[in-house]
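Visitor: What follows is a single structure, and I will ask about it in a moment.
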Amino acid sequence: MGRAVAVFCGSGLGDRPEYARAAAATGRALASRGVTLVYGGGGKGMMGAVADGALAGGGRVVGVIPHWMMEKEAAHTGVAEMRVVETMLERKTVMADLADAFLVLPGGLGTMDEMFEVLTWSQLRLHGRSKPTGVLNVAGFYDDLRRWLDRATRDGYIRESSAGLPTIDDDADRLLETLLA
């Protein structure tokens, strides 16, 4: 499959237009680098925007969606490679298996669940190899996450050398270069 990045993001767009713009730009940036987008398979919200951006840029897109969410999330009809799985855990596992790195865009509880799961897997070295995670801090969306990670590190819950620490950046191109290095 070549290089692939799994993107975790919201099934909704959120209330700020810069979120959707960042998602579409991320999809285009992956496509321009020849990197496959692996994502949750939705056709609307942030998921739809990142897939639309990658498709518009001529990129390869692989969606991974539980069968029972096909209707709920309105699976993206333009994605040629849609993997239908049984559970949310299987979705995360398939996405992690396909990806060389992970990129987190704005989203809600599901996005946080996906991010913390792969960060924990990285910290425990369950991927079998290093798979970096980046967080795109669009309009300061993840400022509080950065503060929490700093506090958890200062207070001894996370080691600075931990493989589970994400790179947080507000510049998508710089973040992608870091993840793909």
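The values are calculated or read from the model by the stated rules, or taken from the named source; none is laboratory data. Being a predicted model, the structure only gives us computed values, none of them experimental. As a convention, Cβ positions derive from the backbone with ideal geometry for all residues, glycine included, and neighbour counts pool all protein chains shown.
Visitor: What residue, of GLY27, GLY34, GLY2, GLY12, is part of a loop (DSSP other than H, G, I, E, B), at pLDDT 95 or above and either surrounded by fewer than 24 Cβ atoms within 10 Å (Cβ to Cβ) or under 15 Å from the mean Cα position of the chain (by Cα) (or both)?
Guide: Criteria check complete, one pass: GLY34.
Visitor: Now for a different question. If you go through segment 48-56 one residue at a time, do you hit one that is over 16 Å from the mean Cα position of the chain (by Cα), part of a strand (DSSP E or B) and within 22 Å of GLY2 (Cα to Cα)?
Guide: no
Visitor: For residues in segment 3-35 being touching a residue at least 40 places away in the same chain (Cβ under 8 Å) and of a type in the set (S, T, N, Q), which is farthest from LEU109 (Cα to Cα)?
Guide: This residue is THR26.
Visitor: May I pose another question? So which residues in segment 81-109 are in a helix (DSSP H, G or I), touching a residue at least 12 places away in the same chain (Cβ under 8 Å), under 19 Å from ARG125 (Cα atoms) and of a type in the set (A, V, I, L, M), if there are any at all?
Guide: VAL94, MET95, ALA96, LEU98
Visitor: What's the total number of residues in segment 125-157 that are without any contact (Cβ under 8 Å) to a residue 24 or more places away in the chain and assigned to a loop (DSSP other than H, G, I, E, B)?
Guide: 6
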